[in-house]
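Written out below as structure tokens is the structure these notes cover.
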Amino acid sequence: MCDKSFFVLLQQKKTNTLTYMKLRFFFLHLLFLLGLSLSAQDFDAWFEDNTLRIDYIFAGDATRQEIYLEQLYKQPRWAGRKARLTESPLRGNGQLVVADKLTGQRLYTTTFSTLFQEWQLDQEAQHVQRAFQCSYNVPFPKRPVTVTVTLTDKHQHTVCQMCHTVDPADILIQPIGENGIPYYYIHKGAFRVESLALRDSTVASLNSKPSTLNKDRDYTATPYDPLAGVDITSNVDLAILAEGYTEQQMGKFYADARRAADALFEREPFASLKDRFNVVAVAAPSPEAGPSVPHKGVWRRGVTSCHYDTFYSQRYLMSQNMHRIYDALSGVPFEHIMVLVNSDTYGGGGIYNQVTFSTSDHPTFKQVFVHEFGHSYAGLADEYAYDDMDTEWYPADTEPWEPNVTTLHDFASKWQDLMPKGQPIPTPLDPRVPDFKTIQKDDTKAMALLNACTQKVGVFEGAGYQSKGCYRPAQECRMKINEVLDFCPVCTRAIRRITEFYTAK
């Protein structure tokens, strides 16, 4: 059917618009049937340069899950990828698929994990039902589409699914734009749209502010076009959202946000990938300074309603109110969310394709910030273990979707290709590597040995909170301890791969 005359017809002038569009959609559907991914050119055929925000409620307990649609919003601009639209770099614990309603052709896919699914493994879920908010951005369709949301369990079996229709002409899709919260770019990636001169002048203007911010830790908003000279299409867009900073503390927030960006890009692999990222600081003021700390009886009003003691773990700092977070980011081009919390108490959390939380002033701020971003951005699992963990996070009959842990169920799909020849499985610990718990930071020789072991790939038992049955790729890594400088080669490759995915042409 795809003979020469067909392609000649496609190249003819659009004297008959209806015929042309029918043929174009037929051709795109044919690509779908042939198993080819939609390209950046296909994006314009199916989507507007706008964002459809979909708010859901995920609810249930340890044995039952439900998905509820809450609200649809239309926002200006699309900051996500425009190529490889139907592919997904990681499986995650959930999937959202947008398909053409008429033909069923898959148009866009994203995967994710949620705080709700994590809570389902908590003891409380055995006897209490709870509801959690989730929000997702997808490109705004030109024609009616079906959206299918799927949640899976730790065996990667589907446990809940909901499908609904979105008609772009629906009058109840609420248009929202700028919310009045100022945002400034603290880093702009490789410039590919406008002149380098404009980019350099914009960045120079922004970089003139830190001395004032750091001097008096105060901030006064000034006229500024945040989107001038920024390429939101070709780069990965990171938003750092303020939490627990009052209006008078915005100077501190911008200084802290710069420190966070510097921490991210100071080591590999992010250092060499820096030009593929945009980082925007969103100065959302809180009525009160600092976060809530339930175990101290402290509750404060903030932007995200986050608090320590999530799931009764004192250092777990997280929020269930994703809708509020997305409200604060209305009008901001973003793909990944990092919430910077104004606190000197250790804490944080990161969930794949949902959110990163980290505090600003603890001595290990930089290490924690990068570690938690490893979770939310690259889907990296924790590589530490607890001897008394009574919950099996990674069953032996299932290979984890996270790229840096394995149950050996399908190790060939993981880092087997990076293993040195003759490396035993499991790999014994190297006794020459010092114990990170007792090492002195000024002992340069011991620290060098500790950092060197991050680059030796093996299969070390103890990961994913389990001391048995789950394995990590290095004796030590940024996803295991804060004391080392680098990610292991497996985590490094995972970060590079997902960045390549998001920035593909």
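The values are calculated or read from the model by the stated rules, or taken from the named source; none is laboratory data. Treat the numbers as computed from the prediction; the structure is a model and nothing was measured. With ideal geometry, Cβ positions are generated from the backbone for all residues, glycine too; neighbour counts draw on all protein chains shown.
Structural remarks
- With respect to the conditions (1) in a strand (DSSP E or B); (2) closer than 30 Å to residue 45 by Cβ; (3) at pLDDT below 95, residue 139 falls short on a single one, namely (3).
- Residues being among the basic types (Lys, Arg) and either part of a loop (DSSP other than H, G, I, E, B) or surrounded by 23 or more Cβ atoms within 10 Å (Cβ to Cβ) (or both) - total across the stretch 448-473: 2
- Residue selection: residue 95 satisfies the criterion of being within 18 Å of the chain's Cα centre (by Cα), of a type in the set (S, T, N, Q) and either under 28 Å from residue 154 (Cβ atoms) or assigned to a strand (DSSP E or B) (or both).
- Of all residues in the stretch 412-425, those that are closer than 17 Å to residue 488 by Cα and touching a residue at least 12 places away in the same chain (Cβ under 8 Å) total 6.
- Test result for residue 118, assigned to a loop (DSSP other than H, G, I, E, B), in contact with a strand residue (DSSP E or B) (Cβ under 8 Å, 6 or more places away or on another chain) and among the acidic types (Asp, Glu): no
- Residue 441 part of a loop (DSSP other than H, G, I, E, B) and surrounded by fewer than 15 Cβ atoms within 10 Å (Cβ to Cβ): yes
- Matching residues, the stretch 63-76, being under 15 Å from residue 326 (Cβ atoms) and buried (at least 17 other Cβ atoms within 10 Å of the Cβ): 72, 73, 74, 75
- Counted residues, the stretch 474-491 - those being assigned to a helix (DSSP H, G or I) and surrounded by 21 or more Cβ atoms within 10 Å (Cβ to Cβ): 2
- The set of residues from the stretch 277-319 being part of a loop (DSSP other than H, G, I, E, B) and among the basic types (Lys, Arg) comprises 300, 301, 315.
- Residues (assigned to a helix (DSSP H, G or I) and either in contact with a Cys (Cβ under 6 Å, 6 or more places away or on another chain) or within 18 Å of residue 370 (Cα to Cα) (or both)) located in the stretch 227-253: 253
- Residue check for residue 330: in contact (Cβ under 8 Å) with a residue 12 or more places away in the chain and within 23 Å of residue 71 (Cα to Cα): yes
- Residue within the stretch 426-444 that is under 30 Å from residue 125 (Cα atoms) and out of contact with any Pro (no Cβ under 9 Å at 6 or more places or on another chain) present: no
- Filter result (surrounded by 19 or more Cβ atoms within 10 Å (Cβ to Cβ) and among the hydroxyl-bearing types (Ser, Thr, Tyr)) within the stretch 382-437: 394, 406, 407, 427
- When we screen 52, 85 for residues that are touching a Lys or Arg at 6+ places or on another chain (Cβ under 9 Å), part of a strand (DSSP E or B) and surrounded by 22 or more Cβ atoms within 10 Å (Cβ to Cβ), the only hit is 52.
- Matching residues, the stretch 344-403, being in a loop (DSSP other than H, G, I, E, B), touching an Asp or Glu at 6+ places or on another chain (Cβ under 7 Å) and either under 17 Å from residue 494 (Cβ atoms) or basic (Lys, Arg) (or both): 379, 380, 381, 399
- Listed by first and then second residue, the pairs with beta-carbon distance under 6 Å, at least 6 apart or on different chains, first residue in the stretch 353-366 and more than 21 Å from residue 381 (Cβ to Cβ) and surrounded by 22 or more Cβ atoms within 10 Å (Cβ to Cβ), second at pLDDT 95 or above and among the hydrophobic types (A, V, I, L, M, F, W, C), are 359/341; 360/340.
- Single residue of 79, 169 found to be in contact with a Phe, Trp or Tyr (Cβ under 7 Å, 6 or more places away or on another chain), part of a loop (DSSP other than H, G, I, E, B) and either among the hydrophobic types (A, V, I, L, M, F, W, C) or in contact (Cβ under 8 Å) with a residue 40 or more places away in the chain (or both): 79
- For residue 339, the stated conditions hold: it is farther than 17 Å from residue 91 by Cα and touching an Asp or Glu at 6+ places or on another chain (Cβ under 6 Å).
- Residue 374 under 25 Å from the mean Cα position of the chain (by Cα), surrounded by 14 or more Cβ atoms within 10 Å (Cβ to Cβ) and free of Cβ contacts under 8 Å to residues at least 40 places away in the same chain: no
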